[in-house]
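J.: First, the structure itself, so that you have it in front of you.
None of the figures in this text is laboratory data; all of them are computed from the coordinates on show. Please read all numbers here as calculations on a predicted model, not as lab measurements. Cβ: placed from backbone, ideal geometry, glycine included. Neighbour counts: every protein chain shown.
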Amino acid sequence: MEKLPSLQRFIKMKKVTVQWSTRIMNDKETITKSKSKYLDLEEAVYMYVCAYKTRQGGIVFFPKRPIYIGKSYKRQNDETVRDRILEHFNDDTGKCIMKKCTKNSYVKVGKIILEEIQQISPKVIQYVECCLINNNQPLCNDKPCKISYTGYDLQVTNIGSYKPLKEESLCFRN
């Protein structure tokens, strides 16, 4: 039986909110030309999803979890989320995404809003990404985050267009 974290750990856990964009069609031309301010973020997380519209106008995600969750953090060459997404058209991650979702593939971008952490750093973004992967188990992410979480105790609350993610992810250092 898994031991639950103590109340003290819940009280001391760091909290962040991720504001998710609406979905953006995952094709090179759309990503390149899109005017979405989310794609120009340098410090963010993003996910790939498969979705289709119902006859009633609703959206259904299949499978009911993200295909891939990634991160972008400004490096020496001013990398943005758009740059990271465009890289996936030519790498193994992109091949996995296209294999799992042959059509109706979309990208959503999450802006990290800090609550109790002073500033965004590569470590903060890495922990947010890993927590989301650990709690949502995307199909194309591989180890180690899917197996265990090693960051500080963290609560990630998703707002905006976050589906198919869970609304809240709680991660405790093993």
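J.: Once you treat every alpha carbon in the range 38-86 as an equal point and sum by Debye, what is log10 I(q)/I(0) at q = 0.22 Å⁻¹?
T.: -0.76
J.: Using only alpha carbon pairs under 8 Å that are at least six residues apart, calculate the relative contact order of the chain and give it in whole percent.
T.: Rounded, it is 33 percent for the chain.
J.: Another one. Ordered by residue, what ³J(HN,Hα) values in Hz, to whole numbers, does the range 149-157 give under the Karplus form 6.51 cos²θ - 1.76 cosθ + 1.60, where θ = phi - 60° and Gly and Pro are x?
T.: Calculated HN-Hα couplings, in order: 10, 10, x, 6, 4, 9, 10, 10, 10 Hz.
J.: Right, something else. For the range 44-101 and the range 106-169, what is the separation of their Cα centres, given in Å?
T.: So the separation of the two Cα centres works out to 14 Å.
J.: If you rank R82, R9 by fewest surrounding Cβ atoms within 10 Å, what's the result?
T.: Details: R82 22, R9 13.
Placing the least packed residue first, the sequence is R9, R82.
J.: Right, another one. Using θ = phi - 60° and the Karplus curve 6.51 cos²θ - 1.76 cosθ + 1.60, what whole-Hz ³J(HN,Hα) does each residue of the range 52-63 get, with Gly and Pro shown as x?
T.: Couplings: 9, 8, 7, 4, 7, x, x, 10, 10, 9, 9, x Hz.
J.: Would you pull out the residues with amide H under 5 Å of N141's amide H, same chain only if 5 or more places away, H placed 1.01 Å from N?
T.: Sorted by chain and number, the residues that satisfy this are I69.
J.: Along the principal axes of its C-alpha atoms, what lengths does the range 7-171 span, in descending order and rounded to whole Å?
T.: So the extents along the principal axes, rounded to whole Å, are 47, 39, 28.
J.: Here's something else I'd like to know. Please give the length that would be gained between K103 and I159 if that part of the chain were fully extended, namely 0.36 nm times their separation in residues minus their C-alpha to C-alpha distance (nm, one decimal).
T.: Details: separation 56, 0.36 × 56 = 20.16 nm, distance 2.59 nm.
The K103-I159 span can extend by a further 17.6 nm.
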